[in-house]
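Participant: Sharing a structure below in structure tokens format, with a few things to ask.
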Amino acid sequence: MSQRIYALCLAAVVLAASSNAFASRARELVLGTGDPFSVLGNAQHGTFYYDDNYNVFYNPSYANDFKNWATVEKTNTNTAAYGTGNAEGGTVASFANYSIGAFFNRGDALFNGPLAAYGGAVGGLRPIDVFVAGDMGVKWGLGLTHANFKPAVGDYYAEDTLHAGFQFGGLEPFASYKVRGVNRTAGAQTQIRGYTIGTKYHWGEWTPYAAYRNDRVKNADASNNLAKASTWGLGLGRSAKLSDMARLDYSVSYWNQSQNSAGVTVAGGAHKYVVPIDVAVEAGALSWLTLRAGLAYNLFNSVDGYSAAATPTGRLGAGLHFGKLDVDWAIGGNSVAATDNGANADSNNFDFSHGMFTAASATYHW
């Protein structure tokens, strides 16, 4: 009996650590982010409706809560188009009263957002995120995302984005500003600017949140048109403990996006709104194994006044725990054959012949 109680307690501890602190892109792929328009600036590096360590990318103050970890990610993504490859990783460590971190090769952070096409896919960029956080009664954090590449005479690509965030009395505001975004090819230059502001509020198990993002791109064509996009939304999430070995996260939100490209046809529609529902569960099956599943469903999804195609996702994943080392993965195919849905977590073919892993990571915490 005592051995069974010990195993249950150990599983609960492992689940709590895996759910609340040491996350990964593989985990967020499965659980979702509550962010259908990538207001946070990336696909799987931060989430609105539950807590994990990748939230430091939009609110660096979270480094006060999630520190002393190092991770290596291997993913089947399209970031190779940016010349970054499909590997990334970094660390956050505590020094005296501060938390200092660096993350390398986060390709999804580059030229992102609704006007990403104006930035284009370029090779050779080496993105890096750095951040520092402290607690002086009010938790604060500052961060910088930087990348640049000069492949040939006349060509130059660069991006610098500043991030800031705070925590006080349950309120967790954050902001970012793209101070520089340059895409210059053969003498034609695109200037990219933008900012994001938002906040979360922790109210017991519940987390209301809201955010606004503004993007501006000065086109590289002869018309010198200015493309604009604004995105805003609000939602309510909850993280509920089902048992000592399982927890449920869910969220409902509303998001609205408008684009104006000054005479240029807007790919995918000029005005969109969506009401996404995200539901995710994690359970400790064994002391060394966590299983997880996530469902994303759009209750409403409109593009220019018409219903968009239904694109629900149901994703599966798992985490293995070896002492202080966590290994996460999202199930999916890694084949790009015509019979596959592509190298992603929504592939219909996931088995050992197709690789079975669409994203995997190893994280050590101390």
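Throughout, read-outs are computed from the coordinates displayed, never taken from laboratory work. Please read these numbers as outputs of a predicted model, since none were measured by experiment. Don't worry about glycine lacking a Cβ; one is built from the backbone with ideal geometry, like all the others, and counts go over all protein chains shown.
Participant: Given the pairs Lys139/Lys272; Lys200/Lys272; Lys74/Lys272; Lys139/Lys218; Lys74/Lys178, which span a C-alpha to C-alpha distance of over 25 angstrom in this model?
Facilitator: Beyond 25 Å between Cα atoms: Lys139/Lys272; Lys74/Lys272; Lys139/Lys218; Lys74/Lys178.
Participant: To the nearest Å, what is the center-to-center distance of the range 26-46 and the range 235-258, using C-alpha atoms only?
Facilitator: Centre-to-centre distance over Cα atoms comes out at 13 Å.
Participant: Something else now. Give, in nm to one decimal, the length gained when the segment between Ala93 and Ala158 is fully stretched (0.36 nm per residue of separation minus the Cα-Cα distance).
Facilitator: Here the segment from Ala93 to Ala158 would lengthen by 20.6 nm.
Participant: Tally Lys/Arg at +1 and Asp/Glu at -1 over every other residue whose Cβ is under 13 Å from the Cβ of Val92; what's the total?
Facilitator: -2
Participant: Also, I was wondering about something else. Please list, in order, the residues from the range 175-196 whose amide nitrogen is less than 15 Å from a point placed 7 Å along the Cα→Cβ vector of Ser230.
Facilitator: It comes to 194-196, nothing else.
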